[in-house]
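One structure below.
The values are calculated or read from the model by the stated rules, or taken from the named source; none is laboratory data. Nothing here was measured: the structure is a model prediction, and the numbers come from that model. In this analysis, Cβ positions are derived from the backbone assuming ideal geometry, glycine residues included, and neighbour counts consider all displayed protein chains. Keep in mind that these areas ignore ligands, DNA and RNA; they rest on the heavy atoms of the full protein, side chains included. Shrake-Rupley method; radii C 1.70, N 1.55, O 1.52, S 1.80 Å.
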Amino acid sequence: IQRRGVELADRLKRLIDQAEGVTLPLGKLDITLYRDDLQTVGPRPVVGETSLPNLDGRTVVIVDDVLYTGRTVRAALDECADFGRPRRILLCVLIDRGGRELPIQADIVGTTVSTGPGDRVDVLVSELDGRDAVELVRG
């Protein structure tokens with residue numbers, strides 16, 4: 001999922017490719033137009049690139065940086081459905097901060113962090129931010 005999920009997915013793909021001697025396909029999702037709060041974003045939302053391989057019959061792993069309410073993942077699932085019918089979809093997140101509003105759980109979690117509703121979890125990746133870090137900002 002755009003933004004930092006794409007960089008994390010690329011890192012995972014390279015590790016799997018190297019360890020397994022394969023070349024996995026990689027795609028990217030911009031869920032902007034699939035958000036359930038699109039009307040609050042403004043009259044001209046900035047839409048990034050979505051590019052996906054054929055998903056029909058494949059196992060798809062959606063990668064995101066932080067799992068919170070589950071609404072971003074719901075939007076990603078909706079968008080995937082427009083690109084084919086995967087055999088299975090897994091969710092991989094670096095940080096699970098709890099606070100779900102939808103019944104969505106990750107299959108693969110880097111770590112779980114306890115946060116409050118006013119807190120923010122920022123994931124920084126060297127490809128975009130010049131360094132790798134996870135920062136918990138208390139609200």
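What to note about this one:
- First in region 122-139 and of a type in the set (K, R), second anywhere and open to solvent by 70 Å² or more (accessible area, probe 1.4 Å), Cβ under 9 Å, 6 or more apart: R138/R120
- Count of region 117-135 residues which are under 17 Å from T69 (Cβ atoms) and open to solvent by less than 70 Å² (accessible area, probe 1.4 Å): 5
- Counting residues in region 74-90 that are touching a helix residue (DSSP H, G or I) at 6+ places or on another chain (Cβ under 8 Å), part of a loop (DSSP other than H, G, I, E, B) and surrounded by 13 or more Cβ atoms within 10 Å (Cβ to Cβ) gives one or more.
- Screening T32, T59, T50, T72 for residues that are touching a strand residue (DSSP E or B) at 6+ places or on another chain (Cβ under 6 Å) and among the polar types (S, T, N, Q) leaves exactly one candidate, T59.
- Whenever a residue of region 82-102 is among the aromatic types (F, W, Y), its partners that are assigned to a loop (DSSP other than H, G, I, E, B) and surrounded by fewer than 18 Cβ atoms within 10 Å (Cβ to Cβ), lying with C-beta atoms within less than 6 angstrom and at least six residues away or across chains, give the pairs F83/L52.
- In the set (1) outside any helix (DSSP H, G or I); (2) open to solvent by 70 Å² or more (accessible area, probe 1.4 Å); (3) without any contact (Cβ under 8 Å) to a residue 24 or more places away in the chain; (4) farther than 15 Å from I1 by Cβ, V47 fails one condition alone, (4).
- Which listed residue is over 18 Å from R3 (Cβ atoms), aliphatic (A, V, I, L, M) and either at pLDDT 95 or above or surrounded by 13 or more Cβ atoms within 10 Å (Cβ to Cβ) (or both), from I95, I31, I62, I104: I104
- Pair list, Cβ < 6 Å and 6+ apart or interchain, from region 1-28 residues that are at pLDDT 95 or above to residues that are open to solvent by 80 Å² or more (accessible area, probe 1.4 Å) and assigned to a helix (DSSP H, G or I): E7/E127
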